[in-house]
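Only one structure is covered here, and it is reproduced in the block below.
The values are calculated or read from the model by the stated rules, or taken from the named source; none is laboratory data. None of these values were measured; they are calculated from a predicted model. Positions of Cβ are backbone-derived with ideal geometry, glycine not excepted, and every protein chain shown enters the neighbour counts.
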There are 2 protein chains.
Amino acid sequence: MAMELTFCFDFLSPYAYLAWTQIHPLAARHGATVRPAPVLFAALLNHHGQKGPAEIPAKRAYVFKDVVRRARLLDVPLAAPASHPFQPLLALRAVLAAPEGDRRALIDGLFAATWGRAERRGIDDPATVAHVAQAAGLDGEALVARTREPDIKDALRRATEEAVRAGVFGVPTVRVGGELFWGLDSFDLLERHLRGEGGVSDEALARFAAIPSGAER
Amino acid sequence: MAMELTFCFDFLSPYAYLAWTQIHPLAARHGATVRPAPVLFAALLNHHGQKGPAEIPAKRAYVFKDVVRRARLLDVPLAAPASHPFQPLLALRAVLAAPEGDRRALIDGLFAATWGRAERRGIDDPATVAHVAQAAGLDGEALVARTREPDIKDALRRATEEAVRAGVFGVPTVRVGGELFWGLDSFDLLERHLRGEGGVSDEALARFAAIPSGAER
């Protein structure tokens, strides 16, 4: 059976955008499949009591510069989004409201509208989401209407909770079996894992898990 | 004049340890010099209102696993420290108390005692620091005594404040000219920068700096 890569993401993250452009060729190289899992990054942050990079001015400035550099290195188009941070709920729900077979094209379109080219109106705008969905071969208006239904809202909540239970604390994170790979920067380790290399012994991990906490900071 | 790489670090960070093993060969490849800059990571976190990875259980577990994988990939020895987090003040001050020409050997020894081999007593213990300093060719007892003097305490405070002013929010961070490279994962971009490639235009950065904040999260 093909290995399944669960790609946990939020449209808010430019690293998730860059990683999304890489995950499909990566999966293809290893005969794996990709299952996109939209999660609400803000809920992950709240759960773990963390601030997002966009909330720390020095980190926000660094991240945008790093993203520009990374995008150039990967030869991936990058543009400044209409606003950031923005409310990603509508777009995340739209992915879950779309039939599974259409999700990849829809995510492609929503990421491109946010980070790939300069759109004047972001994907927090229903008209943008409907337009992108239409271009992906879906009924845009119907999809946006569907995002307002309780079962779709609930599906996003459950997907986020499932990620938290699996130990996910940031996006993008790729889950494969019980292993997590956080960030575009971890993709070299993900590839090693898919080749069956770089396994970490339970003993080695147990030694680190058992490190006692020292004096308080 | 040789380019100077200011290596901001705290012994607390296993990524700083891994990066320290890489920064000297990297600098040598580009005819650059390395200036070690001990900073108190806890003070950076406090300044930016961030939690450290060790304070978020899911992230702590992930980081230790990632570090084990990275160390193996880099073929760098790694052992679980005596405790973590621990109080790094003594070791950081010891670096600043040492003559500049001896600092590299001392940092090598202190990082190795923490992350490179399993020591029963960590570098929060004066006897360990004195022993490591002695092995690095210094008078260990005198160095430990020197860490208690106000000018050394003040030097660490000033070094940390200087890093904050430069926009540093995490360790390891390499400062070169006005550019920052955060994390071992950024070393590919650091090397591009040292080759004079991968420059980011002021216009591109200005577009990202000017992104308006959208709806509250």
- Task: Among the residues of the stretch A:45-59, count how many are more than 7 Å from every other protein chain (Cβ to nearest Cβ) and under 18 Å from the mean Cα position of the chain (by Cα).
- Result: 6
- Message: Conditions first: (1) closer than 24 Å to residue B:186 by Cβ; (2) buried (at least 17 other Cβ atoms within 10 Å of the Cβ). Residue A:188 passes all but one, so which condition is the exception?
- Response: (2)
- Within the stretch A:49-149, which helices (runs of 4 or more DSSP H) (wholly inside it) include 2 or more residues that are buried (at least 19 other Cβ atoms within 10 Å of the Cβ) and β-branched (Val, Ile, Thr)? A:57-74, A:126-135
- Note on the structure: residue B:57: passes all of (1) under 22 Å from residue A:203 (Cβ atoms); (2) in contact with a helix residue (DSSP H, G or I) (Cβ under 7 Å, 6 or more places away or on another chain) but (2)
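Conditions tested, residue by residue: (1) touching a helix residue (DSSP H, G or I) at 6+ places or on another chain (Cβ under 7 Å); (2) basic (Lys, Arg); (3) over 26 Å from residue A:46 (Cβ atoms).
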position: B:12; (1), (2), (3): yes, no, no
position: B:22; (1), (2), (3): yes, no, yes
position: B:46; (1), (2), (3): no, no, no
position: B:50; (1), (2), (3): no, no, no
- Message: Of everything in the stretch A:151-170, what is of a type in the set (A, V, I, L, M, F, W, C) and away from chain B (no Cβ under 13 Å)? Give them in sequence order.
- Response: A:152, A:155, A:156, A:159
- Query: Exactly one of (1) over 22 Å from residue A:54 (Cα atoms); (2) within 8 Å of another protein chain (Cβ to nearest Cβ) is unmet by residue A:82. Its number?
  - Reply: (1)
- Message: Checking residue B:135 against (1) out of contact with any Pro (no Cβ under 6 Å at 6 or more places or on another chain); (2) closer than 30 Å to residue A:56 by Cα: exactly one of these is not met. Which one?
- Response: (2)
- Task: Would you point out which residue out of A:65, A:51 is more than 13 Å from residue A:12 (Cα to Cα), modelled with pLDDT under 95 and in contact with a Gly (Cβ under 8 Å, 6 or more places away or on another chain)?
- Result: A:51
- Per the filter on the stretch A:174-207, residues in contact (Cβ under 8 Å) with a residue 24 or more places away in the chain and either within 9 Å of chain B (Cβ to nearest Cβ) or part of a helix (DSSP H, G or I) (or both) are A:183, A:184, A:187, A:190, A:191, A:194
- Selection count, the stretch B:19-36, where residues are surrounded by 23 or more Cβ atoms within 10 Å (Cβ to Cβ) and either more than 19 Å from residue B:124 (Cβ to Cβ) or acidic (Asp, Glu) (or both): 1
- Task: Output the number of residues of the stretch A:131-164 satisfying the condition of being in contact (Cβ under 8 Å) with a residue 24 or more places away in the chain and under 17 Å from residue A:105 (Cα atoms).
- Result: 8
- Task: State all residues of the stretch B:90-103 that are in contact with a Leu (Cβ under 7 Å, 6 or more places away or on another chain), among the aliphatic types (A, V, I, L, M) and over 14 Å from residue B:8 (Cβ atoms); if no residue qualifies, say none.
- Result: B:91, B:94, B:97, B:98
- Query: Out of all the residues in the stretch B:66-78, which are free of Cβ contacts under 8 Å to residues at least 60 places away in the same chain and either among the aromatic types (Phe, Trp, Tyr) or out of contact with any strand residue (DSSP E or B) (no Cβ under 8 Å at 6 or more places or on another chain) (or both)?
  - Reply: B:67, B:68, B:69, B:71, B:72, B:73, B:74, B:75, B:76, B:77
